[in-house]
Amino acid sequence: MNHVYAGRLALIFLLIMAATVALAEPAAVTLPADPPATRSVELAEQWRLGGEDDEDILLGVITDAKLGSSGDVYLLDNQLSQVLVISPEGELVTTLGREGEGPGEMSQPQGLLMLDDDKVGVIQGFPGKVIVINPDDTPGGEIHIGGKPEDGGFNFVRELTRCGDHLVGRRGRATFDMESGKSVATGTLAIMDLEGTDEVVIVEHTQESDMMKRVFDEKAEFSELKTWGAGGPEGILYTSPLRDEYVINARGLDGEIIRIMSREFKPRHRDAEDKKELTDGMVIIMNGERLEIESKALDNDPAIEGLSVADDGRLFVRTCYDDEDLLDVGTAGRYDIISSSGEFVEQLTLTVPGFDGKRDQLVFMDGVNFMVIRNFDQAQQAMMAGFGGDEEEEDDLGDAEPLEVVYYRMP
């Protein structure tokens, strides 16, 4: 072979290899330490349901809200085990599902998925599955997540979202040894098809627990699957891989990292009262007795507390300083807004008159539409009291204000 020709082939081969490596290497994006811009927007109320003045609709504890293709809003009632369908004008159209274990029935549902042909998917945490309900309230089958119950152990689902023709979610499987009282749970963040079959496993995290000696161990509990968000027209999955740093991995639905975004950031330090509050709301009742929880809380809040993806692809990042309890009354949410291409656009503050983060909750829907659940904390406490909480706490909640949902839109 001609030596010049052979040399050119070798050079071409090296260039191709270098290009392949360059393409495979995710881009590293350093975001500005300070927001490039700040903006405050007062959300515009569209309608409201429940509260003291609404005698037509009974609400238990609303925990999720989704928009349907026709503009209807779907509200999940965790306490009453049903889905309320609300028209764009705020009128009750129908209810879907009911309490039970039969087809189309649910027990302590965790969240909602909007499926094709206006079918609704109700996410049941345990045993982990999606209960499909047709628009006429007839059963539409089930989607088993992470295997079927007969596969052994206990399967559960923590969070699940639809992203194009994929499901992205946090689910897992646990085993329990009756003799030792210990359980082993493996959580998994995975990209699945619409039938719930794994296509890509992003991360797995295994942890052992002693049911007779409960420990809140933040360091042991943290993993990349704890804080994530997925969606947008490009179908991007975002995760927070480091607890104490502002670092975000952006992945395509093939699981490959597209870019790694980081920002200079100092997490919020906790005092003794902050640490105590972390376990105050945790209740373990076994054989009628309330068990104490040993706390191994860390000295700082996690840098990133929430990742939500808007329909247009923008990433809404909630840091430890944006926790509802820390925001002023009237501030419903505060986010770092990052474009789908990885540019830090602005810090956005959403205001709602009278909103109190210690009592109310803001539900992110699509980046334009939001749901505020008024008196959510009291309603949830009242429901938990019915499952074996303190009688004294239950008495204190006797005069609790009724739950109210208010639908808002960005002007």
- Task: Take the Cα pairs of the chain, get the Kirkwood Rh, then feed it into Stokes-Einstein at 10 °C and 1.306 mPa s and tell me D in µm²/s.
- Result: 68 µm²/s
- Message: Using Cβ contacts closer than 10 Å as the measure, can you line up LYS275, LYS226 from fewest to most?
- Response: LYS275, LYS226
- Message: Just to be sure I understand the model, the point goes 7 Å from the Cα along the line to the Cβ. What's the resulting SER87 to GLU101 distance in nm?
- Response: 3.9 nm
- Message: Using a 10 Å cut-off around each Cβ, can you sort LYS213, LYS119, LYS66, LYS358 from fewest to most neighbouring Cβ atoms?
- Response: LYS358, LYS213, LYS119, LYS66
- Message: I'd like the distance separating the alpha-carbon centroids of segment 183-237 and segment 336-383, in whole Å.
- Response: 23 Å
- Magnitude of the charge dipole, the chain, Cβ model with Lys/Arg +1 and Asp/Glu -1, debye to 20: 2180 debye
- Item | Hz values of 3J(HN,Hα) by residue in segment 340-350 - Karplus curve (6.51, -1.76, 1.60), Gly and Pro given as x | 5, 9, x, 9, 6, 8, 5, 9, 10, 10, 9
- Please work out whether segment 163-274 counts as rounded, prolate or oblate from its C-alpha gyration tensor, where a ≥ b ≥ c are the square roots of the eigenvalues and a/c under 1.5 means rounded, while otherwise a/b larger than b/c means prolate and anything else oblate? oblate
- Message: If amide hydrogens are placed 1.01 Å from N in the peptide plane, which non-local residues have theirs closer than 5 Å to the one on GLY333?
- Response: LEU350
- Query: For LYS119, which lysines qualify as cross-link partners when the Cα separation must be under 23 Å and same-chain residues fewer than eight apart are set aside?
  - Reply: LYS66, LYS129, LYS148
- Query: Between ASP323 and ASP117, how many nm apart are label points set 7 Å from Cα along the C-beta direction?
  - Reply: 4.6 nm
- Task: For SER40 and GLU277, calculate 0.36 nm times their separation in residues minus their Cα-Cα distance, and state this gained length in nm to one decimal.
- Result: 82.4 nm
- Divide by every residue of the chain the summed helix terms, -39500 (n - 2.57) for each DSSP H run of at least 4, and state the resulting mean residue ellipticity at 222 nm, rounded to the nearest 500 deg cm²/dmol. -3500 deg cm²/dmol
- Message: Quick check: the distance between the Cα centres of segment 69-138 and segment 153-178, to the nearest angstrom?
- Response: 19 Å
- Once both axes come from the Cα atoms, what is the angle between helix 3-24 and the longest principal axis of the chain, in degrees from 0 to 90, rounded to 10? 10 degrees
- Sequence-distant or interchain residues sharing an amide H contact under 5 Å with MET365, placed H: which? MET371
- Message: With the crude spin-label approximation of a point 7 Å out along Cα→Cβ, what separation in nm comes out for GLU199 versus ALA220?
- Response: 3.6 nm
- Give the angle, between 0 and 90 degrees and rounded to the nearest 10, that separates the Cα long axis of helix 376-385 from the longest principal axis of the Cα atoms of the chain. 70 degrees
- Query: Over what distance in Å are the Cα centres of segment 36-54 and segment 256-277 separated?
  - Reply: 28 Å
- Item | Using a Förster distance of 30 Å, the FRET efficiency for ASP299-ASP54 (Cβ separation, nearest 0.05) | 0.10
- Item | Segment VAL368-MET178, length gained on full extension (0.36 nm per residue, minus Cα span) | 63.6 nm
- How do VAL120, VAL368 rank when sorted from fewest to most other Cβ atoms within 10 Å of their own Cβ? VAL368, VAL120
- Task: Give the residues of segment 220-237 whose amide nitrogen is closer than 11 Å to a point set 7 Å from the Cα of ILE258 in the direction of its Cβ.
- Result: 231-237
- Net charge near VAL372: determine it from the other residues with C-beta under 12 Å of the C-beta of VAL372, scoring Lys and Arg +1 and Asp and Glu -1. -1
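Only the coordinates and a few stated rules stand behind these numbers; no lab work does. Everything numeric in this text was worked out from a predicted model, so none of it was measured. Virtual Cβ from ideal backbone geometry, glycine too; neighbours counted across all protein chains shown.
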